[in-house]
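Down below is the structure, laid out as structure tokens.
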Amino acid sequence: MALNQKEFDLLASLAESEGRLTQRELAEKTGCALGTVNRILRQAEENGLVRDGRITPAGETALEPYRVRRAVFIAAGFGSRMVPITFNTPKPLVRVHGIRIIDRLIDACLEAGIQEIVIVRGYLAEQFDQLKYKYPMITFLENPVYNEANNISSAMVARYLLSNAYVFEADLLIHNPKIIRKYHYTSDFLAIKKDRTDDWCFTVRDGIITEEKVGGTDCWQMVGISYWNGEDGRKLSQDIAEVYASPGGKERYWEQVPLVYRKEHYAVRVRPCLEEDIVEIDTFRELKEIDKTYDV
């Protein structure tokens, strides 16, 4: 059965919880009024989706079309702003406090029940083989033109795998693995609300991303983690190829396809997260500030 947004939020909250949730706890998790939760919960119980404050097998079946099928990691680049550490190590494999950056992201996916892990690699590709010892489920895709094109070239390699999928920049230091969820209702981008930023950011109206730009006020700073539902993932497979083949297409960032060059095809929502949830380490100086063992 198809779920509306509020029904999905309630069932997903129950599915991701470790036990029974009260109506007040559900209201806090879903952002719905207590009366709305009461009404939706009562209807879900009538439909056999919930019983005694817990999701039923029928409820889990109703959530199945919204389950994340895979995680795709864009990990082919050189990481020039992280030199000298990236002269010999791809940025996602750099260790922070003894743990590779990409490991924390993969662990968060596995914790959310996402078992299909795809990594698009290019620079020093063979070094990623070491991940297989810890994560034998990984599939590698090769980007042969990573040094000739922007990251849209990695999206080209993985374009048929983007339905019901997370897409990760593979160099993000995650602190809150709970931001990676087992179920998603719609396509979205993680972002942090900002009064002002000089970084890549979004203009948002009614929860929908209307513009991507560099720098802004009263905006949402982009985090390099997005989710694409089945329909949007199928559209991306064609739109990425068309933009890549267009004049100047190889110089684009992959997310500019749905957010800029083909944005009329999509309604991508923003999903809020916090500063403390995740950090992008852009430079070697920032790495040294986070991990003092590099400051020698």
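The values are calculated or read from the model by the stated rules, or taken from the named source; none is laboratory data. Please read these numbers as outputs of a predicted model, since none were measured by experiment. No Cβ is skipped: glycine too gets one built from the backbone with ideal geometry, and neighbour counts run over all protein chains shown.
Here are some notes:
- Every condition in (1) under 21 Å from Phe73 (Cβ atoms); (2) not in a helix (DSSP H, G or I) holds for Arg234 except the one numbered (2).
- Hey, Arg271 within 29 Å of Arg100 (Cα to Cα), touching a residue at least 12 places away in the same chain (Cβ under 8 Å) and either outside the structural domain of Ile99 (by TED's automatic domain parsing) or basic (Lys, Arg) (or both) or not: yes
- All positions within the range 42-60 that are surrounded by fewer than 20 Cβ atoms within 10 Å (Cβ to Cβ) and part of a helix (DSSP H, G or I): Arg42, Gln43, Glu45, Glu46, Pro57, Ala58, Glu60
- Members of the range 89-103 that are of a type in the set (D, E, K, R) and over 14 Å from Ile290 (Cα atoms): Lys91, Asp103
- Residue under evaluation Thr217, criteria (1) touching a residue at least 60 places away in the same chain (Cβ under 8 Å); (2) part of a strand (DSSP E or B); (3) farther than 19 Å from Asp171 by Cβ, criterion not met: (1)
- Candidates are the residues of the range 239-255 that are in a helix (DSSP H, G or I) and without any contact (Cβ under 8 Å) to a residue 40 or more places away in the chain; the one that is nearest to Val72 (Cα to Cα) is Asp239.
- When Ala149, Ala165, Ala191, Ala158 are checked against the criterion of being at pLDDT below 95 and among the small types (Gly, Ala, Ser), Ala149 stands alone in meeting it.
- With respect to the stated conditions, Arg262 is among the charged types (D, E, K, R), in the same structural domain as Asn164 (by TED's automatic domain parsing) and touching an Asp or Glu at 6+ places or on another chain (Cβ under 9 Å).
- Elements of the type strands (runs of 3 or more DSSP E) sitting completely within the range 133-209 and holding at least 3 residues that are touching a Phe, Trp or Tyr at 6+ places or on another chain (Cβ under 9 Å) and in contact (Cβ under 8 Å) with a residue 60 or more places away in the chain: these cover 165-169, 188-205.
- Subset of the range 117-138 (residues that are under 20 Å from the mean Cα position of the chain (by Cα) and exposed (fewer than 13 other Cβ atoms within 10 Å of the Cβ)): Met137
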